[in-house]
């Protein structure tokens, strides 16, 4: 069964509004979670590393003020797309690792964001 | 810098036959992990198989096996007895042992024909 839960799976919003996406690790604690963005027919692009209790680490070119990440607990990380615009429309997916040794990343089901 | 190459943008295979999806990687790290994920049209990323760089044997998980050739820096995924439900995008990924960030390849779209 799923070990990482992501919500919502699909969201439509108006331009200028903010959207929050939740990523939860089920029955395990994740001090680190990852947020990816995926454009159609392309691979996953790492946006940021979410660290519990501290600031997220953003990849080069990702606007930290646009994509706010909060990792307030060991089982929950949130990504807020602020003042969304049509170019922010994409598939966003989070992951967390449950196994320390192999560090296998388990992914949420993803969130499809459409900004009108 | 690390890089994953998947040279097959699309592959076709007949149902019940085996198929090999290619993956080559480039890294200077002495220790790393290699992963394969399946992404069906629903979008979720499903973990398939893991290979550690120091593992002596090739990894196997049910119908999935990883043909690991360290000297060639290749980690091909072999799917035996293909099923219609295997039709999806397949991503090869790598992570250095000292870090947590994954690097993904561009993916291969597999289509299983009835």
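Of (1) away from chain B (no Cβ under 14 Å); (2) surrounded by fewer than 16 Cβ atoms within 10 Å (Cβ to Cβ); (3) in contact (Cβ under 8 Å) with a residue 40 or more places away in the chain, residue A:64 satisfies all except one. Which?
Exception for residue A:64: condition (3).
Take residue A:111 and tell me if it is at pLDDT 95 or above and in contact with a strand residue (DSSP E or B) (Cβ under 9 Å, 6 or more places away or on another chain).
yes
Among what's in the range B:102-114 and is part of a loop (DSSP other than H, G, I, E, B) and over 14 Å from residue B:46 (Cα atoms), pick the residue that is farthest from the other protein chains (Cβ to nearest Cβ).
B:114
If residue B:50 satisfies every condition in (1) under 10 Å from the mean Cα position of the chain (by Cα); (2) surrounded by fewer than 16 Cβ atoms within 10 Å (Cβ to Cβ) but one, which is the exception?
With (1) under 10 Å from the mean Cα position of the chain (by Cα); (2) surrounded by fewer than 16 Cβ atoms within 10 Å (Cβ to Cβ) applied to residue B:50, the lone miss is (2).
Taking residue A:52 and the conditions (1) over 14 Å from the mean Cα position of the chain (by Cα); (2) over 18 Å from residue B:95 (Cα atoms); (3) surrounded by 15 or more Cβ atoms within 10 Å (Cβ to Cβ); (4) within 14 Å of another protein chain (Cβ to nearest Cβ), which numbered condition does it fall short on, given that it satisfies the others?
Among (1) over 14 Å from the mean Cα position of the chain (by Cα); (2) over 18 Å from residue B:95 (Cα atoms); (3) surrounded by 15 or more Cβ atoms within 10 Å (Cβ to Cβ); (4) within 14 Å of another protein chain (Cβ to nearest Cβ), residue A:52 violates only (1).
Output the residues belonging to the range B:21-33 that are surrounded by 13 or more Cβ atoms within 10 Å (Cβ to Cβ) and modelled with pLDDT under 95.
B:27, B:29, B:32, B:33 - these are the residues of the range B:21-33 that are surrounded by 13 or more Cβ atoms within 10 Å (Cβ to Cβ) and modelled with pLDDT under 95.
Hey, among B:58, B:101, which residue is within 17 Å of residue B:1 (Cα to Cα) and touching a strand residue (DSSP E or B) at 6+ places or on another chain (Cβ under 7 Å)?
So the residue among B:58, B:101 that is within 17 Å of residue B:1 (Cα to Cα) and touching a strand residue (DSSP E or B) at 6+ places or on another chain (Cβ under 7 Å) is B:101.
Taking the range B:1-18, which residues are more than 10 Å from chain A (Cβ to nearest Cβ) and in a loop (DSSP other than H, G, I, E, B)?
Those that are more than 10 Å from chain A (Cβ to nearest Cβ) and in a loop (DSSP other than H, G, I, E, B): B:1, B:2, B:7, B:8, B:15, B:16, B:17, B:18.
Does residue A:79 satisfy the criteria of being under 19 Å from residue A:5 (Cα atoms), at pLDDT 95 or above, more than 14 Å from chain B (Cβ to nearest Cβ) and surrounded by 13 or more Cβ atoms within 10 Å (Cβ to Cβ)? Break it down stepwise before answering.
On the way: under 19 Å from residue A:5 (Cα atoms): yes; at pLDDT 95 or above: yes; more than 14 Å from chain B (Cβ to nearest Cβ): yes; surrounded by 13 or more Cβ atoms within 10 Å (Cβ to Cβ): yes.
Judged against the criteria, residue A:79 is a match.
Tell me yes or no: at least one residue of the range B:10-20 is touching a helix residue (DSSP H, G or I) at 6+ places or on another chain (Cβ under 9 Å) and surrounded by fewer than 17 Cβ atoms within 10 Å (Cβ to Cβ).
Yes: one or more hits.
The values are calculated or read from the model by the stated rules, or taken from the named source; none is laboratory data. Please read these numbers as outputs of a predicted model, since none were measured by experiment. FYI the Cβ positions are ideal-geometry reconstructions off the backbone, even for glycines, and counts take in every protein chain you see.
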